[in-house]
Amino acid sequence: MSYFNKLFFRAGQNCINIIFSMFEDKPNSILLDCGCGDGDFTKQIIKRIKGCMEAHGIEILPEYAEDAKKKGIIIHQCDLNKEIPFENESIDIVFSNQVIEHLYDTDIFISEIYRVLKPGGYAVISTENLSSWHNIFALILGWQPFSLSNISSLRSSVGNFLGLHRRKNDSLSIGAPRAMQHMRIFSPLGLKEIFEIHSFKCERIAGAGYYPLPGFLARFMARVDMRHTAFLTARFRKE
């Protein structure tokens, strides 16, 4: 594993720890994971929320949806760019990890989260950071930002010579179907304001990963300067 691959992995692990810290215990709560994948991470979240009695997941890819069903998650196969199949004010907690950047209609996604959340409920959203140092340096070089190089079904890391899978001889270098491509990437201020437009209150926002710094230096700088971290995680409250 290369140095930058190791940094990416460690940043992802730090991001997971921050995600866990965003959740509150709530008796008899219902969780909705938007873009739950195979359900593994959803199960971890359920264990973190004391009192969570029911977990739903939305997943558009059939193979992931089937895996999540086997793990006991109530799965709904639908497109998060459109209305989701839940009644008004029926969900206590919404979670979405590395999903919002794949959607072409962010307004519908956020307005649907607001609609289905109960008053006082909250959403935990995690995504890549457009204003991370590695994206800024890529732009200075005239390259695609790392977070906006996954834009083709024919090849990975378009316009960025240092993309993780650009030179690999495997299926990841070929590109990604539309549902897995990146459409919109947010800075901390952009992520905060787009949710505030939809009447959410931003209670907390934190960052993880600080390229090219390693280990404890990255964790320290992420606390000092969240604006330029690799990943963002925020909690938004429906008041």
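Which one of the conditions (1) over 30 Å from Asp92 (Cα atoms); (2) loosely packed, with under 13 Cβ neighbours inside 10 Å does Ile197 fail to meet, given that it meets all the rest?
Looking at each condition in turn, Ile197 falls short on (1).
Return only the number of the condition from (1) part of a loop (DSSP other than H, G, I, E, B); (2) of a type in the set (A, V, I, L, M); (3) farther than 18 Å from Arg178 by Cβ that Ile110 does not satisfy.
(1)
Would you tally the residues in the range 119-141 being without any contact (Cβ under 8 Å) to a residue 60 or more places away in the chain and of a type outside the set (Val, Ile, Thr)? Steps first, please.
Keep residues of the range 119-141 that are without any contact (Cβ under 8 Å) to a residue 60 or more places away in the chain, which gives 135, 137-141.
Remaining after also requiring of a type outside the set (Val, Ile, Thr): 135, 137-139, 141.
The total comes to 5.
Residues are listed down the side, and each one gets a yes or a no for (1) charged (D, E, K, R); (2) more than 16 Å from Ile60 (Cα to Cα); (3) out of contact with any Lys or Arg (no Cβ under 9 Å at 6 or more places or on another chain); (4) not assigned by TED's automatic domain parsing to the domain that holds Glu196:
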position: Gly72; (1), (2), (3), (4): no, yes, no, no
position: Asn81; (1), (2), (3), (4): no, no, yes, no
position: Ile84; (1), (2), (3), (4): no, no, no, no
position: His102; (1), (2), (3), (4): no, no, no, no
position: Ile110; (1), (2), (3), (4): no, yes, yes, no
position: Val116; (1), (2), (3), (4): no, yes, yes, no
position: Gly120; (1), (2), (3), (4): no, yes, no, no
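Got at least one residue in the range 181-193 being closer than 22 Å to Gly35 by Cα, at pLDDT below 95 and not aliphatic (A, V, I, L, M)?
Yes, that holds for at least one residue.
Being modelled with pLDDT under 95 and farther than 19 Å from Thr127 by Cα is the filter here; which residues of the range 137-155 pass it?
Result: Ser152, Ser153, Leu154, Arg155.
Between residues in the range 1-17 that are over 20 Å from Asn97 (Cβ atoms) and residues that are among the aromatic types (Phe, Trp, Tyr) and modelled with pLDDT of 90 or more, which pairs lie under 6 Å by C-beta distance while being six or more apart or on different chains?
none
Give the residues of the range 214-239 that are in a loop (DSSP other than H, G, I, E, B) and either buried (at least 16 other Cβ atoms within 10 Å of the Cβ) or in contact with a strand residue (DSSP E or B) (Cβ under 9 Å, 6 or more places away or on another chain) (or both), sorted by residue number. Don't jump to the end; show me each part of the working.
Keep residues of the range 214-239 that are in a loop (DSSP other than H, G, I, E, B), which gives 214, 225, 229-230, 238-239.
Across the range 214-239, the qualifying residues are Asp225, Thr229, Ala230, Lys238, Glu239.
The values are calculated or read from the model by the stated rules, or taken from the named source; none is laboratory data. It should be emphasised that the depicted structure is a prediction, and the values quoted were computed from it without experimental measurement. All Cβ positions, even for glycine, are placed from backbone atoms using ideal geometry, and neighbour counts span all protein chains on display.
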